[in-house]
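The values are calculated or read from the model by the stated rules, or taken from the named source; none is laboratory data. Quick caveat: nothing in here was measured; it's all calculated off a predicted structure. Here the Cβ is made from the backbone with ideal geometry for all residues, glycine too, and neighbour counts use every protein chain on show.
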Amino acid sequence: MVKKYFFFILFGFFTIHLAGQDILVKGFVKTINEQGNKVPLPSANVYWQESTMGTVSDASGYFEIKGNLQNQNRLVVSYVGYISDTIVVVESSGLLEIYLEAGSQLDDFVVKGKRDAHALSAISPLNTEMISSDGLQRLACCSLAESFETSATVDVGYTDAVSGAKQIQMLGLAGIYSQILTENQPTLRLLASTYGLNYVPGPWLHSISISKGTSSVMAGYESITGQINIDLKKPEGDEKLYLDLFANEHQRVEFNANSSFNVNEKLKSVVLLHASGLENKVDNNGDGFLDLPTGKLLMLSNRYFFNHDNKIKSRFGFELLNEDRVGGQTAYDPEKNSDINPYYGIDILSSRFTLFENTGILLDSENNGSLGINANFVYHSMDAMFGLRKYDATQNSFNLRTLYQTNLSNNHHKLVSGLSLVLDNLEEKLTDTTLNRNELVVGAYSEYTYSSDKFTVITGIRGDHHNDHGFFFVPRVHIKYQLSETSSVRFSAGRGIRSAFVLPENIGLMASSRRFIFKEDFKLERAWNFGGNFIQKFKLDEQRNFTLNVDFYRTIFQNQIVIDVNKEPTNVYFYNLKGKSWSNSFQTDLILDLFKGFEMTLAYRYSDVKVTMDEALIRKPLSSPHKGLVSLHYSSKYEKWNFTFTTQFNGESNLPDTKGNPVAYQLDETSPAYIIIHAQILRKFRQWEVYFGAENLTNYKQTNPILSSDDPFGDYFDSSMIWGPVIGRSINAGIRFIID
């Protein structure tokens with residue numbers, strides 16, 4: 001009976017008929033360059049004002065878009081770096097030719113479009129959530145790890161109470177099942193899978209795109225629960241100079257700077273700098289361990305953009321990183337520590353070098369045919385000490401992807417095909433055990449897209465050959481149907497494959513006395529993800545807008561590397577899945593613009609995550625089923641004053657079984673539910689911005705975050721059972737200086 005009702009409702013969605021006369025609007029989007037020549041603008045955004053109906057121009061600047069003039073007749077055309085234009089369309093408009101003016105050509109003033117701070121896309125075929133630069137500034141986030149506080153989609157927490165490493169969760173599963181990309185290139189993998197969240201400074205970010213469910217086959221085979229794409233500041237950005245100085249009550253200091261400039265007419269560059277450090281030893285809970293690791297982080301990036309007549313475009317550059325972090329007992333000193341009577345300490349030295357390139361070549365403007373080549377190389381070394389456990393690792397990774405995309409017969413049919421190569425070399429030494437892994441994966445993929453004004457289908461398949469695990473297929477499909485100008489429904493299904501690197505991906509377990517037991521050779525992790533969402537946008541008047549989103553996703557594992565911390569409290573077992581494992585995730589979001597300048601976000605998420613451990617199907621430890629979010633933001637006239645208030649509710653979670661420990665070192669079966677609050681005030685001047693805020697205003701902290709802190713070298717020491725905040729309240733302040 002339930003199935004019958006489901007299909008009846010689904011059929012009703014697809015048979016909605018809009019009254020009125022449809023019209024097909026055709027035209028070109030162009031600009032006039034410095035030589036006075038007419039130049040097409042490919043990938044310009046064309047959409048009906050105050051609706052979700054939109055398209056993009058092809059390589060020749062040509063576009064087609066259907067509309068209903070009884071409902072809307074204003075067509076908005078925008079392009080990055082150019083002044084947006086709004087065209088009034090009538091039935092006799094004919095073939096449009098729209099010219100956009102470069103923003104830099106205005107001497108007196110520049111008109112800028114303002115992106116929503118937090119938006120749910122109704123245009124993209126994928127279920128996508130966008131956090132813009134404005135949204136990122138609503139919290140004084142120090143890094144990518146703090147950038148998700150106003151979103152219910154992604155959870156961020158500490159892996160342990162000593163090292164300061166953070167991890168994310170999406171659809172109830174660990175962040176390793178969500179593919180993290182930097183401008184569509186895989187970067188935060190292997191040794192950066194945990195500490196890498198701190199390797200993306202918040203002020204470097206331009207925006208973050210979060211896609212739920214399976215992603216495009218072009219991005220690779222690893223995505224299972226979703227994809228997070230990080231968009232950094234561009235060489236062609238507006239900021240000529242950006243300076244940011246931040247400090248908090250724990251005496252952590254951070255400095256960020258970036259500057260963009262033109263090398264010549266075709267080549268632009270931006271330099272980004274980050275330096276942060278904490279020397280103060282903080283132990284607010286009095287357990288003798290640092291609440292925050294001390295140390296320094298230095299980062300430098302130089303990025304370039306080359307553009308030859310809009311026919312050859314290339315982004316390339318490099319990034320350098322050096323970090324030293326020290327944690328453990330407050331008396332621990334890595335320079336003076338005695339081998340005879342040692343204190344427990346964590347000392348991690350990391351060096352990282354990234355080289356990247358992304359080039360697009362226009363080959364056939366008539367059919368939008370282009371060739372893309374992108375590649376990156378990552379070198380990462382880590383020398384770490386966790387008490388008496390030493391871990392040294394060196395990573396060399398190379399990723400290469402080529403693609404060719406073209407229209408098949410018209411703009412409604414597109415095909416993208418290409419080849420890929422992934423090479424990972426990881427040398428690890430854990431105390432006296434040496435592990436060397438060399439993985440080579442060669443693949444080919446093809447993706448077909450059909451799109452009309454209401455219906456979009458993306459089907460893709462890729463085949464890859466792994467040097468150790470052989471050949472595997474990854475099929476994926478995305479379907480979107482536009483119910484009306486303001487509502488749409490989407491479905492997705494697909495497979496994800498990944499090779500687990502269990503030590504760097506579970507590095508928080510090293511901050512414990514647990515013995516690592518590998519029961520067998522690991523197979524590839526394989527899972528299917530199915531889901532969909534419904535989004536509806538309402539417009540009550542010029543100032544009040546509502547966005548409602550409801551989604552559900554189910555992930556089913558065929559094989560998973562189980563990290564069994566439940567069987568015995570003094571051991572951790574690693575083995576292939578023997579039984580069932582799944583995740584069901586339901587989420588609803590409501591974004592309301594109640595009056596001019598005031599925005600409210602309400603969200604609730606429920607996750608049902610089960611896994612088979614030691615032949616028993618249990619709720620996954622340290623995974624909270626319930627999360628709620630309320631975020632309020634108010635901007636005064638001209639955005640001179642900005643106020644942000646965010647509340648998060650986190651439900652109880654199952655804790656690992658500690659009944660085998662002595663009574664003094666046993667934990668409850670579940671953690672308590674709790675609420676945390678963040679707030680910030682931002683004042684903008686002509687070229688200055690000053691902000692003041694607080695994270696975790698109520699000073700809520702997990703009690704006893706370190707098990708057996710009085711005996712760190714004993715059998716029961718464990719700092720990895722983290723379910724809540726380790727750090728209490730943190731008051732912060734900062735100042736920015738910006739020249740556009």
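Can you confirm whether Lys281 is in contact (Cβ under 8 Å) with a residue 12 or more places away in the chain, surrounded by 14 or more Cβ atoms within 10 Å (Cβ to Cβ) and basic (Lys, Arg)? Walk me through it before giving the result.
Working: in contact (Cβ under 8 Å) with a residue 12 or more places away in the chain: yes; surrounded by 14 or more Cβ atoms within 10 Å (Cβ to Cβ): yes; basic (Lys, Arg): yes.
Yes, satisfied.
Suppose the filter is polar (S, T, N, Q), assigned to a strand (DSSP E or B), modelled with pLDDT under 95 and under 21 Å from the mean Cα position of the chain (by Cα); does Thr601 pass it? Yes; evaluated as a whole, the condition is true for this residue. Among the candidates Phe586, Phe645, the residue that is in the same structural domain as Phe530 (by TED's automatic domain parsing), aromatic (Phe, Trp, Tyr) and either at pLDDT below 95 or farther than 23 Å from Tyr177 by Cβ (or both) is uniquely Phe645. Pairs linking a residue in segment 244-264 that is among the aromatic types (Phe, Trp, Tyr) to a residue that is surrounded by 19 or more Cβ atoms within 10 Å (Cβ to Cβ), with Cβ atoms under 6 Å and 6 or more positions apart or on different chains, are Phe246/Glu254; Phe246/Gly734. Going residue by residue through segment 362-384, is there one that turns out to be within 30 Å of Gly286 (Cβ to Cβ) and out of contact with any helix residue (DSSP H, G or I) (no Cβ under 6 Å at 6 or more places or on another chain)? Checked segment 362-384: at least one residue is within 30 Å of Gly286 (Cβ to Cβ) and out of contact with any helix residue (DSSP H, G or I) (no Cβ under 6 Å at 6 or more places or on another chain).
In the same structural domain as Ala174 (by TED's automatic domain parsing), of a type in the set (Phe, Trp, Tyr) and farther than 30 Å from Leu707 by Cα - does that describe any residue in segment 450-466? Yes, segment 450-466 contains at least one residue that is in the same structural domain as Ala174 (by TED's automatic domain parsing), of a type in the set (Phe, Trp, Tyr) and farther than 30 Å from Leu707 by Cα.
Being in contact with a helix residue (DSSP H, G or I) (Cβ under 6 Å, 6 or more places away or on another chain) and farther than 30 Å from Pro712 by Cβ is a condition met by at least one residue of segment 190-200.
Determine, yes or no, whether Gly470 is surrounded by 15 or more Cβ atoms within 10 Å (Cβ to Cβ) and either in the same structural domain as Phe530 (by TED's automatic domain parsing) or aromatic (Phe, Trp, Tyr) (or both). No, not satisfied.
For Arg683, the conditions (1) part of a loop (DSSP other than H, G, I, E, B); (2) over 14 Å from His626 (Cα atoms) all hold with the exception of (1).
Taking the options Glu652, Glu689, name whichever one is assigned to a strand (DSSP E or B) and either farther than 17 Å from Thr150 by Cα or of a type in the set (Val, Ile, Thr) (or both).
When all the criteria are applied, what remains is Glu689.
Scanning segment 625-652 for residues that are in contact with an Asp or Glu (Cβ under 8 Å, 6 or more places away or on another chain) and hydrophobic (A, V, I, L, M, F, W, C) gives a single hit, Leu632. Being of a type in the set (Phe, Trp, Tyr) and within 27 Å of the chain's Cα centre (by Cα) is the filter; apply it to segment 668-720 and report the residue that is surrounded by the most Cβ atoms within 10 Å (Cβ to Cβ). It comes out as Tyr691. Of the listed requirements (1) assigned to a loop (DSSP other than H, G, I, E, B); (2) in contact with a helix residue (DSSP H, G or I) (Cβ under 6 Å, 6 or more places away or on another chain), Glu447 misses just one: (1). For segment 367-385, the condition of being touching a residue at least 60 places away in the same chain (Cβ under 8 Å), surrounded by fewer than 17 Cβ atoms within 10 Å (Cβ to Cβ) and not in a strand (DSSP E or B) holds for none of the residues. Can you find a residue in segment 338-361 that is touching a residue at least 40 places away in the same chain (Cβ under 8 Å), in contact with a helix residue (DSSP H, G or I) (Cβ under 6 Å, 6 or more places away or on another chain), assigned by TED's automatic domain parsing to the domain that holds Gly164 and surrounded by fewer than 19 Cβ atoms within 10 Å (Cβ to Cβ)? Checked against the condition, which is being touching a residue at least 40 places away in the same chain (Cβ under 8 Å), in contact with a helix residue (DSSP H, G or I) (Cβ under 6 Å, 6 or more places away or on another chain), assigned by TED's automatic domain parsing to the domain that holds Gly164 and surrounded by fewer than 19 Cβ atoms within 10 Å (Cβ to Cβ), segment 338-361 yields no hits at all. The sole residue among Ser631, Ser624, Ser635, Ser653 that is in contact with a Leu (Cβ under 7 Å, 6 or more places away or on another chain), polar (S, T, N, Q), at pLDDT 90 or above and crowded, with 19+ Cβ neighbours inside 10 Å is Ser653.
If the condition is being surrounded by 19 or more Cβ atoms within 10 Å (Cβ to Cβ) and within 24 Å of Ile83 (Cβ to Cβ), then segment 233-257 contributes Lys233, Pro235, Gly237, Tyr242. Residues in segment 512-559 that are crowded, with 20+ Cβ neighbours inside 10 Å and farther than 30 Å from Lys480 by Cα: Ser512, Ser513, Arg514. Restricting attention to segment 563-598 and to residues that are assigned to a loop (DSSP other than H, G, I, E, B) and charged (D, E, K, R), the residue that is surrounded by the most Cβ atoms within 10 Å (Cβ to Cβ) turns out to be Glu568.
Quick one: in segment 523-545, which of the residues that are part of a strand (DSSP E or B) and in contact with a Lys or Arg (Cβ under 6 Å, 6 or more places away or on another chain) is nearest to Phe491 (Cα to Cα)? Only one residue tops the list, namely Gly532. Within segment 258-277, the set of residues being under 23 Å from the mean Cα position of the chain (by Cα) and surrounded by 20 or more Cβ atoms within 10 Å (Cβ to Cβ) comprises Asn258, Val270, Leu272, His274, Ser276. Pairs meeting the criteria (first residue in segment 608-621 and surrounded by fewer than 14 Cβ atoms within 10 Å (Cβ to Cβ), second residue assigned to a loop (DSSP other than H, G, I, E, B) and modelled with pLDDT of 95 or more, beta carbons under 6 Å, at least 6 apart or on different chains) are Leu617/Lys580.
For every residue, the table says whether it meets (1) in contact (Cβ under 8 Å) with a residue 60 or more places away in the chain; (2) of a type in the set (S, T, N, Q); (3) over 30 Å from Met721 (Cβ atoms).
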{"site": "Asn467", "(1), (2), (3)": "no, yes, yes"}
{"site": "Phe472", "(1), (2), (3)": "yes, no, yes"}
{"site": "Arg476", "(1), (2), (3)": "yes, no, yes"}
{"site": "Ser487", "(1), (2), (3)": "yes, yes, yes"}
{"site": "Arg495", "(1), (2), (3)": "yes, no, yes"}
{"site": "Leu503", "(1), (2), (3)": "yes, no, no"}
{"site": "Lys523", "(1), (2), (3)": "no, no, no"}
{"site": "Asp541", "(1), (2), (3)": "no, no, yes"}
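For segment 696-732, residues that are among the hydrophobic types (A, V, I, L, M, F, W, C), within 15 Å of Leu290 (Cα to Cα) and either out of contact with any Ser or Thr (no Cβ under 8 Å at 6 or more places or on another chain) or not in a loop (DSSP other than H, G, I, E, B) (or both) total 3. Does Arg686 meet the test of being of a type outside the set (Gly, Ala, Ser) and more than 24 Å from Pro293 (Cβ to Cβ)? Spelling it out, Arg686 is indeed of a type outside the set (Gly, Ala, Ser) and more than 24 Å from Pro293 (Cβ to Cβ). Just to verify a result, which residue in segment 349-386, among those that are among the polar types (S, T, N, Q) and within 22 Å of Ser409 (Cβ to Cβ), is modelled with the highest pLDDT? Applying the filter and picking the extreme gives Ser370.
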